[in-house]
Ligand code: AHR
């Protein structure tokens, strides 16, 4: 089954959405109603749950402005029903192209069929949908989340001896998962599990969602510290939850990065700062700066050009030393 993705961001409430059409009612070609060369994009963002999302939203808004693309933007506040409502509104408004980052993977076919019936092309960005019918969207631009999980797992396997902070021969990992049902949560768990299987001393002893937020990560970590003995490692599906876990570990009188090793995903500034300070041990990068590629793809699909069905973002990883070097010029 092919996977593709999408995301969205900013704080325009759905109730603020205008339902008026932006152009002619022509139903030939892709939705556009403006009658000129300008492009209108409707973008349904996930929310504002993390530093990553904030950077992603800014990249999309800034690039749209630079490229002269009119952007209609909604923040779904982490709710699938809000994203569906926003997409329906964009269909009614006859935008030229719709882009979104699905909160969760499933449950999109009906609204995507409505967009297809209206001849409005859809681009998934950041997160995939779990749909059999890949004709419902033009392309999926975003990271390989399974690979990100594999990179996190590989670092742990390579550093297993050092990660056994309790020195008992068993490496007990607690996992802070992203939003339940979201592509990055499912895929980062899968990639990590596949790689750590190769090292029998490593075991995920507890796993729970922290919803990609700092508060969520803190609360789940507090409860893990109560319920689990001998935690050696935290694997957090994003920096924000890892930063929340750091607060919980420090409040419990332990030293993050030493008493408990921490692996996260994203590499936003706050995460990279904690990594450079030794509070996080390893970060797998997930690049939020999708605006330029998204706007290029939008221009191509609106022009009726063929685009690659999957565009994968290039990403790296950071150790503590690499974070110190990268921080001064880090964009986000
Ligand atoms: O979909 C990308 C993920 O969503 C980021 O890793 C996380 O920080 C965000 O909330």
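The values are calculated or read from the model by the stated rules, or taken from the named source; none is laboratory data. Quick caveat: nothing in here was measured; it's all calculated off a predicted structure. Note: ideal-geometry Cβ built from the backbone for every residue, glycine included; neighbour counts use all protein chains shown.
Restricted to strands (runs of 3 or more DSSP E) entirely inside the stretch 253-332, those with at least 3 residues that are in contact with a helix residue (DSSP H, G or I) (Cβ under 8 Å, 6 or more places away or on another chain) are 261-266, 282-285. Being crowded, with 23+ Cβ neighbours inside 10 Å, closer than 22 Å to residue 101 by Cα and touching a strand residue (DSSP E or B) at 6+ places or on another chain (Cβ under 6 Å) is the requirement here; does residue 238 meet it? Yes; evaluated as a whole, the condition is true for this residue. Among the residues of the stretch 128-143, those identified as buried (at least 16 other Cβ atoms within 10 Å of the Cβ), within 16 Å of residue 308 (Cα to Cα) and at pLDDT 95 or above are 134, 136, 137, 138, 139, 140, 141, 142, 143. May I ask you to verify whether residue 161 is modelled with pLDDT under 95 and within 16 Å of the ligand (Cβ to nearest atom)? It is false that residue 161 is modelled with pLDDT under 95 and within 16 Å of the ligand (Cβ to nearest atom). Residues of the stretch 154-178 being over 20 Å from residue 255 (Cα atoms) and in contact with a helix residue (DSSP H, G or I) (Cβ under 7 Å, 6 or more places away or on another chain), which ones? Result: 154, 157, 177, 178. Within the stretch 144-170, the set of residues being buried (at least 23 other Cβ atoms within 10 Å of the Cβ) and out of contact with any strand residue (DSSP E or B) (no Cβ under 7 Å at 6 or more places or on another chain) comprises 145, 149, 153. In the stretch 182-196, the condition of being outside any helix (DSSP H, G or I) and away from the ligand (no atom under 13 Å from the Cβ) is met by no residue. Of all the listed residues (19, 71), the sole one being modelled with pLDDT of 50 or more and more than 13 Å from the ligand (Cβ to nearest atom) is 71. Scan the stretch 284-291 and tell me whether some residue there is away from the ligand (no atom under 13 Å from the Cβ), under 21 Å from residue 203 (Cα atoms) and either crowded, with 24+ Cβ neighbours inside 10 Å or modelled with pLDDT under 95 (or both). Looking through the stretch 284-291, none of the residues is away from the ligand (no atom under 13 Å from the Cβ), under 21 Å from residue 203 (Cα atoms) and either crowded, with 24+ Cβ neighbours inside 10 Å or modelled with pLDDT under 95 (or both).
Taken over the stretch 83-111, the residue count meeting the criterion of being more than 16 Å from the ligand (Cβ to nearest atom) and either closer than 17 Å to residue 133 by Cα or touching a strand residue (DSSP E or B) at 6+ places or on another chain (Cβ under 9 Å) (or both) is 17. Scanning the stretch 205-226 turns up no residue that is in contact with a helix residue (DSSP H, G or I) (Cβ under 9 Å, 6 or more places away or on another chain) and over 22 Å from residue 189 (Cβ atoms). Considering every residue within the stretch 257-276, establish whether at least one is over 26 Å from residue 164 (Cα atoms) and either in contact with a strand residue (DSSP E or B) (Cβ under 7 Å, 6 or more places away or on another chain) or crowded, with 24+ Cβ neighbours inside 10 Å (or both). Yes: one or more hits.
Return the residues of the stretch 68-85 that are assigned to a loop (DSSP other than H, G, I, E, B) and under 18 Å from the mean Cα position of the chain (by Cα); say none if nothing qualifies. Passing the criteria: 76, 77, 78, 79. In the condition set (1) more than 16 Å from the ligand (Cβ to nearest atom); (2) in contact with a strand residue (DSSP E or B) (Cβ under 7 Å, 6 or more places away or on another chain), residue 57 is compliant with all but (1).
Restricting 244, 253, 278 to those that are over 21 Å from residue 201 (Cα atoms) and within 16 Å of the ligand (Cβ to nearest atom) reduces the list to 244.
Residue 65 passes every criterion in (1) away from the ligand (no atom under 16 Å from the Cβ); (2) assigned to a helix (DSSP H, G or I); (3) in contact with a helix residue (DSSP H, G or I) (Cβ under 9 Å, 6 or more places away or on another chain); (4) within 27 Å of residue 332 (Cα to Cα) apart from (3).
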